[in-house]
Amino acid sequence: MRMRIAFGIFLASLALNLLWLIQPLDWRVLPAMLAGWYLADLMSGVIHMYMDYRPCTPGIGLDKLFFYTGSRESAHYVRLRDETLARIGPLERLVFDFKNHHPRPDALGRRDLMRQIGSTVVFASLPFSVLLNLANLLWRMPAWLVAGMLVFLMGGTFAQYFHGSLHRERVPGLIRLMRGLGLLMTPAAHQLHHDTLKRDFATNCGWSNPVLNLVFRELRRRGKLLDSGLEPS
């Protein structure tokens, strides 16, 4: 129920932000939208890199879930999962989900939209949209800046959905069109990440991956992002 309320408020806030685009547009709108899309891709990669390599809290049983060998549809696994996840907070659950995604990538594609983007809306998209509402009310921001921020907002909101679509055989026509236009990456491009877990962390369009790959290599050189963080201990 609370999730539905949060989504309702988010949609109302988003609609209010869209109203600010009803003003004279200029040539800066398109570059701002492309910049917003790039930044959303960059953010997806930064978060992905952090979640992949942030160590899970040891000693609470996450390793038993990760390396579970029986059926994950069994009552035993469901009970073990519920008991274990009840001991950790939302951030720790997200960290575990990212690690659990690597050996079982298709599971993400089977999740519904609400589960994929729910936490993003509650903890990031809704606050950002409301702050943009306030900024527009106080300062009357130019259309090109609002357009760029809205594209960034939408790219960030649906980042995990775009990620999940890379692990589905059938995707909506809009996703296929955006891939054809280069606005979303292809499953083959994303597979480069799964092959090594050491490159191409961005999952929207992949435009920011060259920069992120340099950042990753530098952090590794400094002794950060250790392989031990990829699996629960």
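The values are calculated or read from the model by the stated rules, or taken from the named source; none is laboratory data. What you see is a predicted model; the values in this text were computed from it and never measured. Ideal geometry is used to build each Cβ from the backbone, glycine not excepted, and the neighbour counts take in all protein chains shown.
Structure notes:
- Residue identified as surrounded by fewer than 17 Cβ atoms within 10 Å (Cβ to Cβ), in contact with a helix residue (DSSP H, G or I) (Cβ under 9 Å, 6 or more places away or on another chain) and of a type in the set (Asp, Glu) among Asp41, Asp26: Asp26
- Within segment 107-136, being surrounded by fewer than 15 Cβ atoms within 10 Å (Cβ to Cβ), modelled with pLDDT of 90 or more and over 21 Å from Ile47 (Cβ atoms) holds for one residue alone: Leu134.
- Residues in segment 6-30 that are in a helix (DSSP H, G or I) and over 21 Å from the mean Cα position of the chain (by Cα) were compared, and the one that is nearest to Thr120 (Cα to Cα) is Ala12.
- Of residues in segment 198-233 being in a loop (DSSP other than H, G, I, E, B) and among the basic types (Lys, Arg), the one surrounded by the fewest Cβ atoms within 10 Å (Cβ to Cβ): Arg222
- Residues of segment 90-120 satisfying the condition of being outside any helix (DSSP H, G or I), without any contact (Cβ under 8 Å) to a residue 24 or more places away in the chain and under 16 Å from Phe158 (Cβ atoms): Asp112
- Residue satisfying condition, being surrounded by 17 or more Cβ atoms within 10 Å (Cβ to Cβ), out of contact with any Cys (no Cβ under 7 Å at 6 or more places or on another chain) and either in a helix (DSSP H, G or I) or among the polar types (S, T, N, Q) (or both), within set Asp52, Asp82, Asp63: Asp52
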